[in-house]
Amino acid sequence: MKKHIVTIAGRPGSGKSATAKAVASILGFEHFSSGDLLRKIGEEMGLDILKTNITAEKDAELDRRVDQRLKDIGSEQDNVVIDSRLAWHWIPTSYKVFLDLDLETAAKRILKGIDADRMESERIPSDPVQYAQLLQKRLDSESRRYQTKYQVDAYDQSNFDLVVDTAINDIEAVADLVIRGYRDWLNAE
């Protein structure tokens with residue numbers, strides 16, 4: 001039986017959180033962000049997000065905490081939209097969405113909307129090209145970690161029910177595409 005869970009994955013800056021919040025609001029669902037949870041865990045350890053990801057390559061406890069929360073949501077909850085790189089893996093009965101975006105465009109978007117505290121705490125360069133390189137390091141770290149721990153490629157678009165290029169769609173269009181796809185998916189059975 002299909003659960004009323006939408007999982008939204010994608011590259012940094014692709015609009016995962018904004019899309020998930022918009023979709024949750026429109027559908028009247030709860031919103032959960034595994035990135036926020038991981039960031040909070042890292043902050044508690046005094047780490048920025050890149051160092052948190054690198055630490056997670058060696059310290060299984062970080063991922064275990066996030067993964068367990070996702071598994072719990074998948075088994076205990078309904079009517080939720082989750083933005084997470086791997087929620088689709090832990091909740092295979094969800095409607096799985098991937099948001100795609102090239103890293104330089106992502107860097108420009110993130111830099112435009114980021115606050116000074118996050119720039120400082122995560123040591124984010126103000127140059128989009130340099131920041132795109134930092135984002136690539138983060139993606140490489142995540143890819144190694146996910147491949148080693150779970151034997152999955154979080155960026156393989158064949159894992160998803162819907163793939164949206166957010167470089168050519170604004171947030172309203174992306175949310176609309178996700179909701180239409182989700183409703184079609186629900187009605188397919």
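General observations
- Listed cross-link partners K3/K40; K58/K96; K16/K71; K21/K137; K108/K149 are compared with a 25 Å cut-off, the Cα-Cα value being larger for K3/K40; K58/K96; K21/K137; K108/K149.
- Of every Cα-Cα pair in the range 1-130, the percent that sits beyond 17 Å: 61 percent
- The fewest-to-most ranking of K21, K16, K112, K40 by surrounding Cβ atoms within 10 Å reads K112, K40, K21, K16.
- Relative exposure of S141, S17, S94, S126, judged by other C-beta atoms within 10 Å (fewest first): S126, S17, S141, S94
- Cα shape, the range 1-55, gyration tensor, a/c 1.5 rule: prolate
- Cβ-based net charge around Q136, under 12 Å, with every Lys or Arg adding one and every Asp or Glu removing one: -1
- Here the dipole of the range 47-189 is about 400 debye; that uses its Cα centre as origin and unit charges on the Cβ of Lys and Arg (positive) and Asp and Glu (negative).
- The modelled label-to-label distance between Q77 and D140, using points 7 Å beyond Cα along the C-beta direction, is 3.4 nm.
- Fewest neighbouring Cβ atoms within 10 Å first, the residues R85, R39, R123, R65 line up as R123, R65, R39, R85.
- Spin-label model distance (nm) - I179 vs I26, 7 Å beyond Cα toward Cβ: 0.4 nm
- D (Stokes-Einstein, µm²/s), Kirkwood Cα radius, the range 48-100, 0.692 mPa s at 37 °C: 268 µm²/s
Since every read-out is calculated from the coordinates, none of them should be taken as a lab result. If you're wondering where the values come from, they're calculated on a predicted model, not measured in any experiment. All Cβ positions, even for glycine, are placed from backbone atoms using ideal geometry, and neighbour counts span all protein chains on display.
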